[in-house]
Every structure is written in C-alpha cells, then in structure tokens.
Amino acid sequence: MEKNVQPPPLRSLDDFILGSARFAVPDIRNFERLNNRIINNLLYYQSNYFLSVIIFLAVVGYVQPMQLFLGATVVTLAFLGFVWAAENQASVRRFRRTHPSLSLTAILGASYLFLTVLGGVAVFLFGIAFPILLVLIHASVRLRSLKNKLENKLESIGLKRTPMGLLLEALGQEQEAGS
C-alpha cells in the first residue's frame, strides 16, 4: 500500500540552528558515516531547508528574476534528464547508486556549463548552488538527536513518505536513509 507524500513539520529555530542545536566537524575519513549523517539530516530538516532555500531564492529573484528563472529551468531539466536516464539506462542507474556525489556534481556541472553559454553564471552560482551548499554544510555538521533518528527510521521503513525522501530515492540514496 503506497502512502501519500507528507511534508514534515517545520523544526524550531532552536532545534535547527540556535540553543539546543549541536554541531561538530564531521570525520571526513569515514565517508559512510558522513553520508549517513547528511542523508538523515536532509530528511529530518527538509522543511527548514526548503524554507531557507525559498527565502534565499526570493531575494535573488527580486534582484535578477529572469536569470534566476533561466537557471532554475536549466537545473530542473538537467535533474529530470538524469533521473530519466537513470531509470531507462542500466549503466546510468549503476553509476547513480555507486557514485551519488559524482551524480549530483554531474547534474550541477552540466547546468553550470549550459548556463555559462547563456551567460547566467553569477545567478546560478549565488541563486541556486549557494543555498544547496549551505544546506549540505548544515547537514554535514549538525549532529543527530534521538527525535531525528526516530523520524528517519519511520521514513526508512515506509511509514512516512516525504518530499526529501522521494528526492533521495531519485538520486539512488533510499537504501542509506534511516541507517
């Protein structure tokens, strides 16, 4: 039985970045643990990340609306093209599962090259890539709480379906979530 996609609640500012939030520099030698921390934080704080990106994009969109629209269109098309190729080409699917970071880099790199040709590099870098970078930095350094682990376990066993869970699944990371 397929569950409907449910957006998770917005986490409190205190939990997200203020008082009770705990941060630590990740051990980059243990890539599996770092990947696990990032994925689980992406799932737990997805509403906060989404709101942060929307606010940042609104500011950039106010200053450069046409370039932001063009950049968002290019990145969306590159992502959809990659997902389509991964679903229809076994070699792309294997690459996506074995090299998720390179897959994301390929999508952003293809978008960057296309936007370079069109001249929208600055808007792409600051309007789209910068918020993604901030999200990945937060997800990397934010330590997980017991509540975070419980919510991620519910997502991983299929009791809850969230937008970030679907995105991670499309990027071939569903087996990592909830670990």
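The values are calculated or read from the model by the stated rules, or taken from the named source; none is laboratory data. It should be emphasised that the depicted structure is a prediction, and the values quoted were computed from it without experimental measurement. Because the Cβ atoms are built from the backbone with ideal geometry, glycine has one as well, and the counts that use them run over all protein chains shown. SASA here: full protein model, heavy atoms, side chains in, ligands and nucleic acids out. Shrake-Rupley method; radii C 1.70, N 1.55, O 1.52, S 1.80 Å.
Is it the case that Leu51 is part of a helix (DSSP H, G or I), buried (at least 17 other Cβ atoms within 10 Å of the Cβ), in contact (Cβ under 8 Å) with a residue 40 or more places away in the chain and of a type outside the set (Val, Ile, Thr)?
The answer is no for Leu51.
Within the stretch 74-95, track down each residue that is under 14 Å from Tyr112 (Cβ atoms) and open to solvent by 80 Å² or more (accessible area, probe 1.4 Å).
Matches in the stretch 74-95: Leu77 only.
Taking the stretch 34-77, which residues are hydrophobic (A, V, I, L, M, F, W, C) and within 16 Å of Ser101 (Cβ to Cβ)?
Correct list: Leu34, Ile38, Ile39, Leu42.
Given the conditions (1) more than 18 Å from the chain's Cα centre (by Cα); (2) surrounded by 14 or more Cβ atoms within 10 Å (Cβ to Cβ), and given that Ala106 satisfies all but one, which numbered condition is not satisfied?
Failing condition for Ala106: (1).
State yes or no: is Arg37 modelled with pLDDT of 80 or more, basic (Lys, Arg) and not in a helix (DSSP H, G or I)?
No.
What are the pairs, 6+ residues apart or on separate chains, where a residue within the stretch 135-146 that is surrounded by 15 or more Cβ atoms within 10 Å (Cβ to Cβ) has its Cβ under 6 Å from a residue that is assigned to a loop (DSSP other than H, G, I, E, B)?
Between residues of the stretch 135-146 that are surrounded by 15 or more Cβ atoms within 10 Å (Cβ to Cβ) and residues that are assigned to a loop (DSSP other than H, G, I, E, B), the close pairs are Ser140/Pro26.
Within the set of pairs 6 or more residues apart or between chains, which connect a residue that is without any contact (Cβ under 8 Å) to a residue 40 or more places away in the chain inside the stretch 66-78 to a residue that is hydroxyl-bearing (Ser, Thr, Tyr) and open to solvent by less than 70 Å² (accessible area, probe 1.4 Å) with Cβ atoms less than 8 Å apart?
Pairs that qualify, where the first residue is without any contact (Cβ under 8 Å) to a residue 40 or more places away in the chain and the partner is hydroxyl-bearing (Ser, Thr, Tyr) and open to solvent by less than 70 Å² (accessible area, probe 1.4 Å), are Ala78/Ser111.
Hey, can you tell me all the residues within the stretch 54-73 that are open to solvent by 70 Å² or more (accessible area, probe 1.4 Å) and aliphatic (A, V, I, L, M)?
Across the stretch 54-73, the qualifying residues are Ile54, Ile55, Val59, Val63, Met66.
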